[in-house]
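What follows is one structure encoded as structure tokens, with my remarks underneath.
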Amino acid sequence: MQAQDNKILLANPIERALKLDCAVIVEGIRDKRALKTLGFRHVFTINKPLYALAEEVASCYKQVIILTDLDAEGKRLYRRLKRELQRLGVRIEDGFRLAILRHTKIRQIEGLRSAENV
């Protein structure tokens, strides 16, 4: 029953995040595929220096969801990206990230690829 409860708790944050129609930054291609499966359209992977990625995203989007993994390295990347993006005037939307952290055992974003994993 726990998995079903998690699906219900995450459904609303996913819907809200999709309605924002903002950029999403993830660590890798598997994470990007997982989010595309959920319906996210503007997904960027970390494939260049963080300052360059932040500048690219900030040139097109004023609101961003940062979905790096929830392990130590992902949290470090999250803090650095958040600082760079805020410096450029971008608003960081943390609701979806916090919902994953609080309501699931998922620590790698690629784990969101199917509702069965939630």
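Values quoted throughout were computed directly from the atomic coordinates according to the rules given, and no laboratory measurement underlies them. Treat the numbers as computed from the prediction; the structure is a model and nothing was measured. Cβ: placed from backbone, ideal geometry, glycine included. Neighbour counts: every protein chain shown.
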Task: In nm, spacing of pseudo-spin labels at residue 75 and residue 55 (7 Å Cα→C-beta vector) - done: 3.1 nm
Task: Anchor residue 32: aspartates and glutamates whose Cα lies under 13 Å away (excluding residues fewer than 8 positions away in-chain) - done: 69, 110
TODO: Step through the residues of the stretch 98-110 one at a time and calculate ³J(HN,Hα) from phi using the Karplus curve (6.51 cos²θ - 1.76 cosθ + 1.60, θ = phi - 60°), rounding each to whole Hz and writing x for Gly and Pro.
DONE: 5, 4, 4, 4, 7, 10, 9, 9, 5, 10, 10, 4, 4
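Hey, got the dipole for the stretch 2-117? About the Cα centre, +1 on K and R Cβ, -1 on D and E Cβ, debye to the nearest 20? Kindly include the intermediate steps, with their values, before the conclusion.
On the way: 23 positive and 15 negative charges, 34 e Å.
Its charge dipole is roughly 160 debye.
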Open item on the list: Check which residues have an amide H placed less than 5 Å from residue 24's amide H, if you skip close sequence neighbours.
Closed with: 42, 43, 44, 65
- [ ] Sort the stretch 2-117 into rounded, prolate or oblate with this rule: let a ≥ b ≥ c be the square roots of the eigenvalues of the Cα gyration tensor; rounded if a/c is under 1.5, and if a/c is not under 1.5, prolate when a/b is larger than b/c, oblate otherwise.
- [x] prolate
